[in-house]
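Some notes on the structure that comes next.
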């Protein structure tokens, strides 16, 4: 599969910088610009006709859509863009969407750099068509204010989001650093809440790691925030460094990780899994591709993975592969449940199109769309836990964090078993 074209992010937009996490595509040269807006309309139709995952186009007469689109006259590019967006709505797929040139340029920003916004990963609830928060970006204005995964955004400033798509929401939420935006959200069991946020530049650290001493045992802790273009290399460096320092086990934290690039999740899975399947993708013709481990694992030490409702897409690919191969114990709460893959296409006038091209399955053949990954050990955070951890980030990934504490507890018998096995091997060698 083309590495830089395929995306499995649960996000519709990371406000205000990327709309599909980690995508890095070259823009077409302006020499290729076509002056007739109808050309872009037909480009979009052709791509969807060729690649959309459902050959019935979700019971939409796609040929009739083309005839309608090409029978119209478009005075401006904006008229054509509006027609394209209206046509794509008929596919009933929030992840197949059109991006105007500004939105497409924003999407291509390298996710390892600085982003400007409030730090929210947005998605669309496929049942209610409401804008939902997949996850706030760690340390961002939204995160500090207390916005949470699964919050429903009902108003942006004074404008209702009813019927609004994610692109429109991004346009309203983003703005200059230092400017303000008011988000009204609905949270299950709590009603409406209003957040006044100040936009700022946000630096995304894809991977951070450190060694924790837990009951005299060195545990490698790795926080992975997104599956961006450089995430695999950063993960490789983290594992190699901590292996040199003699850690006895690992905790991989995927909480609030909204996903990213498919190939990135496969590369990272291979660092933990020596042999076995990782993920398969199924397009309209049947199975499209399989990703397998290739005997390049960097460690076989015990591993626990932390997940929650904000762990989506590529996070679910990785955790599903580790779970199905019995390589790790998964701890936390059920994941987001997004099992679709998108391909991103630059168009001739500088705009872009993301189109859903495949569904993915875990190694055991499980379709997690709308269901998510069920943890091996279910550990819910109480409202008191959430408030305490959000108010004092220093407590996250310590024994004061119930999900992390459960991971340490689950790893302990595995660590002791390995240590005992090592002692017996030494004893046998000395006889």
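Just so you know, all these numbers are worked out from the coordinates, no wet-lab data involved. Owing to the predicted nature of the structure, the values given are computational and were not obtained by experimental measurement.
Would you look at the GNM of the chain, springs on alpha carbons closer than 10 Å, and say which of 411, 381, 99 moves the most?
Greatest mean-square fluctuation among the candidates belongs to 381.
Considering only 200, 63, 138, give the residue with the highest GNM mean-square fluctuation for the chain, with springs between Cα atoms whenever their separation is below 10 Å.
Result for the chain, Cα springs under 10 Å: 63 fluctuates most.
Rounding to the nearest 10 and keeping the result within 0 to 90°, find how far the Cα-based axis of helix 77-89 lies from the longest principal axis of the chain.
60
Taking springs between alpha-carbon atoms closer than 10 angstrom, which of 398, 356, 116 fluctuates most in the Gaussian network model of the chain?
The residue that fluctuates most here is 398.
Nearest 10 degrees, 0 to 90: what angle lies between the long axis of helix 262-272 and the longest principal axis of the chain (Cα atoms)?
Helix 262-272 sits at roughly 0 degrees to that axis.
According to the square roots a ≥ b ≥ c of the eigenvalues of the Cα gyration tensor, what is the shape class of the stretch 327-388, taking rounded for a/c under 1.5, prolate for a/b larger than b/c otherwise, and oblate for the remainder?
Verdict is oblate for the stretch 327-388.
What 222 nm value per residue comes from the helices of the chain, counting each DSSP H run with n ≥ 4 as -39,500 (n - 2.57) and dividing by all residues, nearest 500 deg cm²/dmol?
-9500 deg cm²/dmol, from helical runs alone.
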